[in-house]
Amino acid sequence: MPRYRDLTHTARPSNAPRVFEPKNPLRTTDPAALEMLKIAHESKIETVFDRVVAQQPQCQFGYKGVCCRICIAGPCRVKADDGPASKGICGANAYTIVARNLVRYIAGGAASHSEHSRHVLHTAHAMTEGHAPDYQIKSPAKLRKLAEKLGVSTLDRGDMEILTDVIEIGYADFGRYQERPLAFLDSFLTEGRRKKFKHTNIMPKAIDGTVTELIAQTSMGVDADPVNIIFGGLKASLADLAGEYIGTTLSDVLFGVPEPIISESNLGVINPKMVNIAVHGHNPVLSEMVVAAARKMTDEAKKVGAEGVNIVGICCTGNELLMREGVYLATSSASQEMAIMTGALDAMVVDIQCIYPAVQQVAECFHTKVVTTESIMKIPGSQHLAFNATTAMEDAEKLVKIAIEAYKNRDPKKISIPSERHKLVAGFSIEALTDIMAKVNPERPMSVLTDAILNGQIKGVALMAGCNNLKRLQDEGHVTVLKELVKNDVFVIATGCSAGAYAKLGLMSPLAVDAYAGPGLKSFLKMLEEANPQLTTGLPLVFHVGACVDNSRGMDLAIAMANELGVDVPRVPFVASAPEAMHEKAVAIGTWCVTMGLPTHVGSMPPVEGSDLIYGITTQIAHDVFGGNFILEMDPVLGARKLLDALEYRTWKLRVHQQAAEKYNTPMAQGW
Ligand code: SF4
Ligand code: WCC
Ligand code: FE
């Protein structure tokens, strides 16, 4: 069986359009967003959907990655194949420029994820020092498990004492200078990955240092070697994974490990009779407090004539709260402006990342108050309320009060809430998934999943992740890839805006299983449900494992499967897909997926086509070195097909080697 069913061996994408209907401003398949968009057009309110059209056609130098703005002798563009115009002013080649641009995205992504986890770490630290009285350790079990992985003693020690040591390791992971591997990362890698990263010299020792080093490496007149630059990028992607892992694990310790939970999603969850507050961004440190404050403030809401306070989530703050508290998910990042346009959103409280500056302009057409809460995130015109761990509950109450005050200014004529809302089941931490499978096999829960793959009941596991990129219609890529995968019996987990798409559109419910799952997947899910009568939620078509930082949960699952199968990650029938990737964080995540050994589909072309060398490294050579590779394919059906091929190849190989090991009674071969 060929590794790629790509007879051209170029790994080039199909001819699917790069920008779907560039003049069409109705760039969404979400019925609720579409309804709002029509109102926006009638009222002449500009949104992201109009701005995408206004940007067309986009600059092809930038699109292909051959525009360099790293120094102010530039911008330099690679304009010819030969001669002086084929290089930048300093003589940088296309491959150097493309590589530098690409890895700087990874640096941006790693900086963002780790900024988030640093904040969680600071909050946990303030708590252990007695300066954050509103926080507590909600999951001592997770803390102890994490401590043991990190080599922190748990014997006869209190939770706070253990957490203090864990935090110290976390801080060291940000700023270590000694030649020691990043502890959080090292603690959960397979032996195979550990060796691989050592041999290729990409095991980071600290997050901050790795990001800084990469910026220095790609500064004017430093590294010109594209391969060396890419390796710097891979190292930073591993720092990103470490940052995500710190964020996920410590959030679980502070706010609880998610368990299956029922909720609802899409703009219909905005309640006209209540004070509505959207919490938007990424960080649960603030939003968890806002939820707690809102639950206490029903009486104050009643004083202004509302029935209570309704918190709805947007983007990954929404995912965090949905996973742990069952808070409604109003919408995902790309349609954030639409929530304001319902006319019934009294406040939008934002923290960091994926928040459009445009929300303030839309809010000005309504009564909605936009409140920023972090020192590095302000928007001209909106209110800023500095959120502080020491005064967390007090700050959260102030935020709820701002919304209650704003409620008085609602204009009933401007209220128009779409009816679209769907029931869903979320909350699938790897712990929760393991518990579910343990009901089938208590000794080896992961074997339930791996056996189902080896015996052909399911085809493998796919992690669906990433943003919306409005070069195509919102959610169309996510939905098409998902439907193809589940139809072909792939077990699917999802994070971020991909999970948001499925939640909003009713695909994250047990009902969707009957409608879309293939017979193998259906029987697998039914078998799990029957073994878990205590689980009243039922099991969904696609399993929500959390926010974008929780892609680390996806990797946790891949590693658990690798350990169960007795192989390294690149042998596991596990793939990833970001059909509509947009953010720098998505580039960082996709890169560590590849580095960890996963075939990784991306449905929006990253700027790598300006250099055949870089294109080849990301799509082919990466596979030879790390066992994972990018699959760049804009046609979602074909993208899914390529993922299915990758899964099939891995399962076939696994079976061959398992059978040989059984036949000759030897340990399974590892060198394939
Ligand atoms: Fe141009 Fe070189 Fe400066 Fe880039 S670093 S802008 S290629 S002179
Ligand atoms: Ni993660 Fe992408 Fe959504 Fe933002 S929230 S838009 S990075 S997937
Ligand atoms: Fe996110």
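The values are calculated or read from the model by the stated rules, or taken from the named source; none is laboratory data. These figures come from a predicted structure and were not determined experimentally. Here the Cβ is made from the backbone with ideal geometry for all residues, glycine too, and neighbour counts use every protein chain on show.
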Members of the range 304-321 that are more than 12 Å from ILE404 (Cβ to Cβ) and either outside the structural domain of GLU397 (by TED's automatic domain parsing) or of a type in the set (A, V, I, L, M, F, W, C) (or both): ILE311, VAL312, ILE314, CYS315, CYS316, LEU321
Assuming VAL103 fulfils every condition listed in (1) in contact with a Ser or Thr (Cβ under 8 Å, 6 or more places away or on another chain); (2) under 29 Å from ALA334 (Cβ atoms); (3) surrounded by fewer than 20 Cβ atoms within 10 Å (Cβ to Cβ) apart from one, which condition is it? (3)
If the requirement is being surrounded by fewer than 24 Cβ atoms within 10 Å (Cβ to Cβ), assigned by TED's automatic domain parsing to the domain that holds ASN409 and either in contact with a helix residue (DSSP H, G or I) (Cβ under 8 Å, 6 or more places away or on another chain) or within 14 Å of ILE106 (Cα to Cα) (or both), which of these qualifies: MET203, MET274? MET274
Here the residues within the range 78-128 that are within 20 Å of GLY233 (Cβ to Cβ) and in contact with a strand residue (DSSP E or B) (Cβ under 6 Å, 6 or more places away or on another chain) are GLY88, ILE97
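Can we say GLU584 is surrounded by fewer than 24 Cβ atoms within 10 Å (Cβ to Cβ) and within 15 Å of ligand 3 (Cβ to nearest atom)?
The answer is yes for GLU584.
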Go through the residues of the range 86-103 one by one and say whether even a single one is of a type in the set (A, V, I, L, M), under 27 Å from the mean Cα position of the chain (by Cα), in a helix (DSSP H, G or I) and within 16 Å of ligand 3 (Cβ to nearest atom). no
Kindly check whether there is at least one residue in the range 295-316 that is in contact with a Leu (Cβ under 8 Å, 6 or more places away or on another chain), crowded, with 19+ Cβ neighbours inside 10 Å and either of a type in the set (S, T, N, Q) or at pLDDT below 95 (or both). no
May I ask you to verify whether GLU420 is more than 16 Å from ligand 1 (Cβ to nearest atom) and more than 19 Å from ALA32 (Cβ to Cβ)? no
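Looking only at the range 49-62, decide whether some residue is of a type in the set (Lys, Arg), within 16 Å of ligand 1 (Cβ to nearest atom) and part of a helix (DSSP H, G or I). Give the derivation first.
To start, the set of residues in the range 49-62 that are of a type in the set (Lys, Arg) comprises 51.
Retained after the next criterion (residues that are within 16 Å of ligand 1 (Cβ to nearest atom)): none.
No, the range 49-62 has no match at all.
Only one residue in ILE614, ILE621 is of a type outside the set (Asp, Glu), assigned to a helix (DSSP H, G or I) and crowded, with 24+ Cβ neighbours inside 10 Å, so which one is that?
On the way: ILE621 fails: crowded, with 24+ Cβ neighbours inside 10 Å.
Exactly one residue qualifies, and that residue is ILE614.
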Starting from residues that are in contact with a Ser or Thr (Cβ under 6 Å, 6 or more places away or on another chain) and among the β-branched types (Val, Ile, Thr), keep the ones in the range 537-555 and report whichever is farthest from ligand 2 (Cβ to nearest atom). VAL545
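Does GLY233 fit the bill of being in contact with a His (Cβ under 9 Å, 6 or more places away or on another chain) and surrounded by 24 or more Cβ atoms within 10 Å (Cβ to Cβ)? Walk me through it before giving the result.
On the way: in contact with a His (Cβ under 9 Å, 6 or more places away or on another chain): no; surrounded by 24 or more Cβ atoms within 10 Å (Cβ to Cβ): yes.
So GLY233 does not fit the description; no.
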Failed condition for VAL602, given (1) out of contact with any Leu (no Cβ under 6 Å at 6 or more places or on another chain); (2) under 23 Å from GLN58 (Cα atoms); (3) within 16 Å of ligand 2 (Cβ to nearest atom), with all others met? (1)
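Hey, among SER332, SER382, which residue is away from ligand 3 (no atom under 16 Å from the Cβ) and within 29 Å of LYS471 (Cβ to Cβ)?
Values: SER332 fails: away from ligand 3 (no atom under 16 Å from the Cβ).
Answer to the check: SER382.
Only residues that are in a loop (DSSP other than H, G, I, E, B) and more than 7 Å from ligand 1 (Cβ to nearest atom): list them for the range 63-79, please.
Filtering the range 63-79 down to residues in a loop (DSSP other than H, G, I, E, B) leaves 65-66, 69-75, 78-79.
Once the filter is applied, which keeps residues that are in a loop (DSSP other than H, G, I, E, B) and more than 7 Å from ligand 1 (Cβ to nearest atom), the range 63-79 yields GLY65, VAL66, ILE72, VAL78, LYS79.
Can you list the strands (runs of 3 or more DSSP E) lying wholly within the range 295-368 that have 2 or more residues being in contact (Cβ under 8 Å) with a residue 60 or more places away in the chain? Even if it seems obvious, please write down each step before you answer.
Working: elements: 309-314, 328-331, 347-350.
Qualifying strands (runs of 3 or more DSSP E): 328-331, 347-350.
At least 2 residues that are closer than 25 Å to LEU598 by Cα in each: list the helices (runs of 4 or more DSSP H) lying fully within the range 424-535 that qualify. Give the steps one after another, and end with the answer.
Numbers: elements: 430-438, 445-454, 476-487, 496-504, 510-516, 519-531.
Helices (runs of 4 or more DSSP H) meeting the threshold: 430-438, 445-454, 476-487, 496-504, 519-531.
Looking at CYS76, CYS67 in this structure, which one is under 32 Å from the mean Cα position of the chain (by Cα) and either free of Cβ contacts under 8 Å to residues at least 60 places away in the same chain or not assigned by TED's automatic domain parsing to the domain that holds ASP624 (or both)? Let's see the steps before the verdict.
Working: CYS76 fails: under 32 Å from the mean Cα position of the chain (by Cα).
Within the list CYS76, CYS67, the selection yields CYS67.
Does VAL152 satisfy the condition of being within 16 Å of ligand 1 (Cβ to nearest atom) and either in contact (Cβ under 8 Å) with a residue 12 or more places away in the chain or hydrophobic (A, V, I, L, M, F, W, C) (or both)?
Numbers: within 16 Å of ligand 1 (Cβ to nearest atom): no; either in contact (Cβ under 8 Å) with a residue 12 or more places away in the chain or hydrophobic (A, V, I, L, M, F, W, C) (or both): yes.
The answer is no for VAL152.
Looking at the range 386-404, which of its residues are within 22 Å of GLY308 (Cβ to Cβ) and in contact with a strand residue (DSSP E or B) (Cβ under 8 Å, 6 or more places away or on another chain)? Explain how you work it out, then say what you get.
Filtering the range 386-404 for residues within 22 Å of GLY308 (Cβ to Cβ) gives 392-404.
Hits for the range 386-404 are LEU399, VAL400, ILE402, ALA403, ILE404.
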Do we have any residue at all in the range 500-519 that's closer than 20 Å to ALA646 by Cα and buried (at least 24 other Cβ atoms within 10 Å of the Cβ)? yes
The condition from (1) in a strand (DSSP E or B); (2) under 23 Å from THR248 (Cβ atoms) that VAL291 misses is numbered (1)
